Amino acid sequence: TCFEHFTAQIHAGSRIAIIGRNGSGKSTLLKMLMALHNASSGELCVPADVVFGYVAQVIDNYDTLSGGQRFNKALTSALAKAPNVLLLDEPTNHLDARNKRHLIRHLNNFYGTLIIVTHDTEVLRNCVDTIWHIDAGHIVEFSGNYDAYMQQTAHKRQALEKNIALLNREKHNMHTALMKEQQRAAKSKAKGQ
């Protein structure tokens, strides 16, 4: 199971990034949206007027081309369908800096809904306004840009670390008090004998 108990509504024009560790289910979620992969449970409702354009992470066609050229061909093919929902799986993996900037410009000018799986912070900062983070079998949805999400995550981590430190101090204090009580009881027992 990649994730459970996820409910979301995707509005037209949304700009969503799916992030998470490798193997967490990001690509599977993209494929579920297009009905290329069935969910083990739940329901997915896609309006009849949705036209998907999809570019997979691994592009097997165009064997003689470089990775960047393969991606450009696959993107051109996906856009030729005139999609109103564009799904991209790790689109910058094989792009140089110039082609990545060109892609970012193109994505910012795309009129429809964009759902993108990426680890690329430049794309995350410039092309999305919603983040779905797959972590430990759950999807956390965040509305806002990537930097705000990272800031919120850092605050949560700091609060968690603070709570862990407090619990460790309390554990140490309880252990110390227990040791003192055991020593007192041992002295009292010895005195009684």
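The amide H of V117, built 1.01 Å from its N in the peptide plane, has I18, L88, D89, E90 as neighbours under 5 Å, considering only residues 5 or more places off or on other chains. Working ranking of peptides 87-96, 10-19 by packing, defined as the average number of other Cβ atoms within 10 Å per residue, highest first, is 87-96, 10-19.
Relative to the longest principal axis of the chain, what angle (0 to 90°, nearest 10) does the C-alpha long axis of helix 146-192 take? Relative to the chain, helix 146-192 is tipped by roughly 20 degrees.
Once the Cβ-Cβ distance of N93 and L166 is raised to the sixth power relative to R0 = 45 Å, the FRET efficiency obtained is 0.60.
Placing pseudo-labels 7 Å out from each Cα toward the beta carbon at R21 and D129 gives an inter-label distance of 3.2 nm. Comparing G53, M150, A186 along the charge dipole axis of the chain, the residue lying farthest to the positive side is A186, per the Cβ-charge model.
Nearest 0.05, what FRET efficiency do H106 and V51 give at R0 = 25 Å with Cβ-Cβ as r? Each step should come with its number before you reach the end.
Values: r = 18 Å, r/R0 = 0.71.
E(calc), rounded to 0.05, equals 0.90.
Calculate how steeply helix 97-109 sits against the longest principal axis of the alpha-carbon atoms of the chain, using the helix alpha-carbon long axis, and give the answer as 0 to 90 degrees to the nearest 10. Approximately 80 degrees, to the nearest 10.
Could you rank the peptides 106-117, 36-47, 60-71 by their average count of other C-beta atoms within 10 Å per residue, with the highest value first? Present the calculation step by step, with values, prior to reporting the outcome.
Details: 106-117: 17.2, 36-47: 9.8, 60-71: 13.2.
Descending mean neighbour count gives 106-117, 60-71, 36-47.
For the chain, the tally of Lys pairs with Cα-Cα distances below 28 Å comes to 18, considering only residues 8 or more apart or on different chains.
Restricting to Cα pairs below 8 Å that are 6+ residues apart, what does the relative contact order work out to for segment 76-144? Please round to a whole percent.
Values: 59 pairs, mean separation 20.3, N = 69.
Value for segment 76-144: 29 percent.
Using Cα pairs closer than 8 Å and at least 6 residues apart in sequence, work out the relative contact order for the chain, in percent.
For the chain, the relative contact order is 28 percent.
Suppose every K and R has +1 on its Cβ and every D and E has -1 on its Cβ; what is the size of the dipole of the chain about the Cα centre, in Debye to the nearest 20? Walk me through the numbers on the way to the answer.
Details: 22 positive and 17 negative charges, 259 e Å.
Result for the chain is approximately 1240 debye, rounded to the nearest 20.
Checking (i) 1.55; (ii) 1.14; (iii) 1.80 against Cα Rg over 2.2 N^0.38 Å calculated from these atoms, the matching label is (i).
None of the figures in this text is laboratory data; all of them are computed from the coordinates on show. Since this is a predicted model, take the numbers as computed values, not measurements. All Cβ positions, even for glycine, are placed from backbone atoms using ideal geometry, and neighbour counts span all protein chains on display.
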